[in-house]
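*Asks:* Pasting a structure here, questions to come.
The values are calculated or read from the model by the stated rules, or taken from the named source; none is laboratory data. As the structure is a prediction and not an experimental result, all values here were calculated from the model. Positions of Cβ are backbone-derived with ideal geometry, glycine not excepted, and every protein chain shown enters the neighbour counts.
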């Protein structure tokens, strides 16, 4: 994904992240201190004024050094500098570009599935990133997130209340977590973008339902794609499904045009807004990637200026596919056999 409303994205244009490791934070003990007792983390502060408010939430760990990609692998223009220079890419792609996007989409889908098979209690998100990086290199792909606006890793790993753009680090996944893995592969001069949310060990019923409904909402949005119709149909279909469960639909992060550029100017809202009036035409390529929350649609940002979390700390899930509009609907370039979410659940 690595996308958001254009104003927010522009803030980071050409800006590299610091590679200084973040403060190491240990896990809370089974028996927590009383409010006025010293915090378990060793800060010397009272528990109520230190970790009490964040207990049960995802905390940042140490971010490892940047991994390298062999020079023999084709790379996008930003790979070496982190600077993203946008150009006026056609919204309707040529048959050649679409054919190459099918290949990139299949590779991204395969990498996502294999990465998801590694999800288990105890593995760190950094270990998942190392594996995803290796999978790209083995397939002569460049991991699109790496150094995009300075992003330091090859995959986004968003755990529990993290909405999107979570940076892999030293935090181990814990039994009962949910984690979204967002994979984008650059191959043949084009990008294929997909993600899915996975349960870690024994996940509670509310989180399992959230993941299921989010996948369903994604496919409702996909099935709303029709040439001659406005993009707002997609957001309406997604929001209508989420509202049946009183879930929030995150508004700050959206689907986007994709092709030779990681992000182009098509903006796909996941909620209904009549102003999303761009008409879908055969040959258009874009992502549909709703983020659905157990609570609010509002978000907050971590200090790393990447990690977005729900404002109320409640869990969120996401699924994503890259699609091309056809004469009578759309083709899902990151779906089909071997994908984590191959087709609409009701068609399996």
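*Asks:* Select from region 265-287 the residues that are buried (at least 24 other Cβ atoms within 10 Å of the Cβ) and over 17 Å from residue 325 (Cβ atoms) and list them in ascending order.
*Replies:* 270
*Asks:* I've got another one for you. I'm checking my understanding of the structure. Among residues of region 328-348 that are more than 20 Å from the chain's Cα centre (by Cα), surrounded by fewer than 22 Cβ atoms within 10 Å (Cβ to Cβ) and not in a helix (DSSP H, G or I), which one is modelled with the lowest pLDDT? Working first, answer last.
*Replies:* Step one: filter region 328-348 for residues more than 20 Å from the chain's Cα centre (by Cα), giving 328-331, 337, 345-348.
Pick out the ones that are also surrounded by fewer than 22 Cβ atoms within 10 Å (Cβ to Cβ) and you get 328-329, 331, 337, 345-348.
From what is left, the residues that are not in a helix (DSSP H, G or I) are 328-329, 331, 337, 348.
Details: 328: 97, 329: 98, 331: 98, 337: 97, 348: 93.
That would be 348.
*Asks:* Same structure, new question: Of the conditions (1) crowded, with 21+ Cβ neighbours inside 10 Å; (2) over 21 Å from residue 165 (Cα atoms); (3) touching a strand residue (DSSP E or B) at 6+ places or on another chain (Cβ under 7 Å), residue 224 fails just one. Which one is it?
*Replies:* (3)
*Asks:* Pull up region 170-183, narrow it to residues that are surrounded by 23 or more Cβ atoms within 10 Å (Cβ to Cβ) and either in contact with a helix residue (DSSP H, G or I) (Cβ under 6 Å, 6 or more places away or on another chain) or without any contact (Cβ under 8 Å) to a residue 40 or more places away in the chain (or both), then point me to the one that is nearest to residue 75 (Cα to Cα).
*Replies:* Out of the qualifying residues, it is 183.
*Asks:* May I pose another question? Of all residues in region 92-143, count the ones that are free of Cβ contacts under 8 Å to residues at least 60 places away in the same chain, part of a helix (DSSP H, G or I) and within 27 Å of residue 331 (Cα to Cα).
*Replies:* Within region 92-143, residues that are free of Cβ contacts under 8 Å to residues at least 60 places away in the same chain, part of a helix (DSSP H, G or I) and within 27 Å of residue 331 (Cα to Cα) number 7.
Condition check ((1) touching a strand residue (DSSP E or B) at 6+ places or on another chain (Cβ under 6 Å); (2) at pLDDT below 95; (3) within 22 Å of residue 139 (Cβ to Cβ); (4) part of a loop (DSSP other than H, G, I, E, B)) across all residues:
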{"position": "158", "(1), (2), (3), (4)": "yes, no, no, no"}
{"position": "167", "(1), (2), (3), (4)": "no, no, no, yes"}
{"position": "174", "(1), (2), (3), (4)": "no, no, no, yes"}
{"position": "193", "(1), (2), (3), (4)": "yes, no, yes, no"}
{"position": "198", "(1), (2), (3), (4)": "yes, no, yes, no"}
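*Asks:* State all residues of region 298-315 that are outside any loop (DSSP other than H, G, I, E, B), touching a residue at least 12 places away in the same chain (Cβ under 8 Å) and more than 12 Å from residue 165 (Cβ to Cβ); if no residue qualifies, say none.
*Replies:* Keep residues of region 298-315 that are outside any loop (DSSP other than H, G, I, E, B), which gives 299-301, 308-310.
When the remaining residues are screened for being touching a residue at least 12 places away in the same chain (Cβ under 8 Å), the result is 299, 308-310.
Within region 298-315, just 310 meets the criteria.
*Asks:* Tell me, which residue of region 245-264 that is part of a strand (DSSP E or B) and touching a helix residue (DSSP H, G or I) at 6+ places or on another chain (Cβ under 8 Å) is surrounded by the fewest Cβ atoms within 10 Å (Cβ to Cβ)?
*Replies:* Going through the qualifying residues, I end up with 249.
*Asks:* Looking at this structure, is residue 78 on the phi < 0 side of the Ramachandran plot, touching a helix residue (DSSP H, G or I) at 6+ places or on another chain (Cβ under 8 Å) and assigned to a helix (DSSP H, G or I)? Full working, then the answer.
*Replies:* On the way: on the phi < 0 side of the Ramachandran plot: yes; touching a helix residue (DSSP H, G or I) at 6+ places or on another chain (Cβ under 8 Å): yes; assigned to a helix (DSSP H, G or I): no.
Against the criterion (on the phi < 0 side of the Ramachandran plot, touching a helix residue (DSSP H, G or I) at 6+ places or on another chain (Cβ under 8 Å) and assigned to a helix (DSSP H, G or I)), residue 78 does not qualify.
*Asks:* Which condition from (1) within 27 Å of residue 88 (Cβ to Cβ); (2) part of a loop (DSSP other than H, G, I, E, B) is the one that residue 272 breaks?
*Replies:* Tallying (1) within 27 Å of residue 88 (Cβ to Cβ); (2) part of a loop (DSSP other than H, G, I, E, B), residue 272 fails exactly one: (1).
*Asks:* Further question: Checking residue 102 against (1) under 25 Å from residue 253 (Cβ atoms); (2) surrounded by fewer than 20 Cβ atoms within 10 Å (Cβ to Cβ); (3) more than 19 Å from the chain's Cα centre (by Cα), which single condition isn't satisfied?
*Replies:* With (1) under 25 Å from residue 253 (Cβ atoms); (2) surrounded by fewer than 20 Cβ atoms within 10 Å (Cβ to Cβ); (3) more than 19 Å from the chain's Cα centre (by Cα) applied to residue 102, the lone miss is (1).
*Asks:* Can you confirm whether residue 251 is free of Cβ contacts under 8 Å to residues at least 60 places away in the same chain and in contact with a strand residue (DSSP E or B) (Cβ under 9 Å, 6 or more places away or on another chain)?
*Replies:* Numbers: free of Cβ contacts under 8 Å to residues at least 60 places away in the same chain: yes; in contact with a strand residue (DSSP E or B) (Cβ under 9 Å, 6 or more places away or on another chain): yes.
Against the criterion (free of Cβ contacts under 8 Å to residues at least 60 places away in the same chain and in contact with a strand residue (DSSP E or B) (Cβ under 9 Å, 6 or more places away or on another chain)), residue 251 qualifies.
*Asks:* Let me ask something else about it. With the condition kept exactly as written, say whether any residue in region 318-325 is free of Cβ contacts under 8 Å to residues at least 12 places away in the same chain and either within 22 Å of residue 194 (Cα to Cα) or touching a helix residue (DSSP H, G or I) at 6+ places or on another chain (Cβ under 6 Å) (or both).
*Replies:* Of the residues in region 318-325, the ones free of Cβ contacts under 8 Å to residues at least 12 places away in the same chain are none.
No; the residues of region 318-325 include none that is free of Cβ contacts under 8 Å to residues at least 12 places away in the same chain and either within 22 Å of residue 194 (Cα to Cα) or touching a helix residue (DSSP H, G or I) at 6+ places or on another chain (Cβ under 6 Å) (or both).
*Asks:* Let me ask another. Please work out which one of (1) under 19 Å from the mean Cα position of the chain (by Cα); (2) part of a loop (DSSP other than H, G, I, E, B); (3) under 30 Å from residue 326 (Cα atoms) is the condition residue 63 fails and give its number.
*Replies:* Single failed check for residue 63: (3).
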